[in-house]
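The values are calculated or read from the model by the stated rules, or taken from the named source; none is laboratory data. Keep in mind that this is a model prediction, so the values were computed, not measured. Cβ: placed from backbone, ideal geometry, glycine included. Neighbour counts: every protein chain shown. Surface areas here come from the heavy atoms of the whole protein model, side chains and all, with no ligands, DNA or RNA. Shrake-Rupley method; radii C 1.70, N 1.55, O 1.52, S 1.80 Å.
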Amino acid sequence: MAVILEKVELAENIKEIVVDAPIIAKKAEPGQFVIVVVDERGERIPLTIADYDRKAGTITIVFLEIGKTTMKLGRLGVGDEMAHIAGPLGNPSEIPENETIVFVGGGVGIAAVYPIARKAKQAGNEVISIIGARSKNLLIWEDRMRAVSDELIVTTDDGSYGRKGVVTEPLKEILENGRKVDRVVTVGPAIMMKFVALTTKPYGVKTIASLNPIMVDGSGMCGACRVEVGGETKFACVDGPEFDAHQVDFDLLIKRLGTYREEEELAKRLFLE
Ligand code: FAD
Ligand code: FES
């Protein structure tokens, strides 16, 4: 059981919750995730540890209500309990030193990129962040990202805030202008990460993507989260979730994310009825 201590509606269908989870908070590192079971009859879903407070024994999760389980989670309030939470899972992000790193976050991926950018900044790296959302009202954690970045660029698809366009445009400009960039780290929708990888590849800049396949056990046993990286099958939960983006077969990832679309739509419809 894990009690929700705080809940904030960040944007339409995007919620931030602070959860009492002292054992997870004690060990959590940027880049790791938890597997949440909302109620005894619920499925297991992976969600990134967007922040943690070791002293308070809490972790912060930011999630998009996209289907049945995330909607169920969104209906819990302060004082409510989730049935199970397991973690921290996955490998922590590699944090280099003395590098210039561009962090690219899209949608709820901004909250997932935040703890990595914060630790990178604390380690003395130069942090350039590019964050994007479809529209101003869907942009989250701009203040947090600004606080951990030497430079922050905001994009919105519709131009309602920041630069009009997608995150890969300022990324391309930075690379085109010959600015020294040692690595790019990206978290967001698979399609966005695919295009980030395509943007950086001609420049030979090391690019890391945090993959988001469907997961079940989160501990390397079920194989649900398999992804293809450099022609090899990897399990995102134990081998990742971060991989060399230039080696990832994003088209396969996107295809596999759609495997249960009909069932997911049905489950959502029945839940909402
Ligand atoms: P479903 O009914 O399962 O799915 C509804 C729709 O969302 C379908 O169209 C489906 O294809 C699509 N979908 C399902 N899973 C994913 C996915 N993994 N990525 C993209 N689209 C998906 N989500 C957050 O909101 N916040 C996070 O911090 C976060 N961290 C994650 C960390 C990891 C390591 C992974 C693997 C995924 C993470 N996700 C995160 C995605 C999240 O797990 C899914 O959105 C969730 O499982 C959807 O469950 P559902 O029952 O609500 O929707
Ligand atoms: Fe089961 Fe990764 S989620 S092996």
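Remarks
- Count of segment 69-87 residues which are away from ligand 1 (no atom under 11 Å from the Cβ) and either assigned to a loop (DSSP other than H, G, I, E, B) or crowded, with 21+ Cβ neighbours inside 10 Å (or both): 8
- Gly77 at pLDDT 95 or above and closer than 24 Å to Ala224 by Cβ: no
- Entry remark, segment 217-238: residues being more than 10 Å from ligand 1 (Cβ to nearest atom), surrounded by 15 or more Cβ atoms within 10 Å (Cβ to Cβ) and in contact (Cβ under 8 Å) with a residue 40 or more places away in the chain number 2 in total.
- Where helices (runs of 4 or more DSSP H) fall entirely within segment 203-273, those with at least 1 residues that are more than 16 Å from ligand 2 (Cβ to nearest atom) are at 250-257, 261-272.
- Looking only at segment 178-214, residues that are of a type in the set (Phe, Trp, Tyr) and within 19 Å of the chain's Cα centre (by Cα) come to 1 in all.
- Answer from Leu139, Leu171, Leu89, Leu152 - the residue that is at pLDDT 95 or above and within 16 Å of ligand 2 (Cβ to nearest atom): Leu89
- Segment 1-46: number of residues that are at pLDDT below 95, open to solvent by less than 10 Å² (accessible area, probe 1.4 Å) and assigned to a loop (DSSP other than H, G, I, E, B): 0
- Verdict on Val113 being touching a residue at least 60 places away in the same chain (Cβ under 8 Å), open to solvent by less than 30 Å² (accessible area, probe 1.4 Å), assigned to a helix (DSSP H, G or I) and more than 9 Å from ligand 1 (Cβ to nearest atom): yes
- Inter-residue pairs, beta-carbon under 6 Å, first closer than 16 Å to Leu47 by Cβ and in segment 76-90, second of a type in the set (S, T, N, Q) and surrounded by 15 or more Cβ atoms within 10 Å (Cβ to Cβ), 6+ apart: Pro88/Gln32; Gly90/Gln32
Yes/no per residue for (1) of a type in the set (Lys, Arg); (2) closer than 22 Å to Leu64 by Cβ; (3) in contact with a helix residue (DSSP H, G or I) (Cβ under 7 Å, 6 or more places away or on another chain); (4) more than 13 Å from ligand 1 (Cβ to nearest atom):
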residue: Lys201; (1), (2), (3), (4): yes, no, yes, yes
residue: Leu211; (1), (2), (3), (4): no, yes, yes, no
residue: Gln247; (1), (2), (3), (4): no, no, no, yes
residue: Arg261; (1), (2), (3), (4): yes, yes, no, no
residue: Phe271; (1), (2), (3), (4): no, yes, yes, no
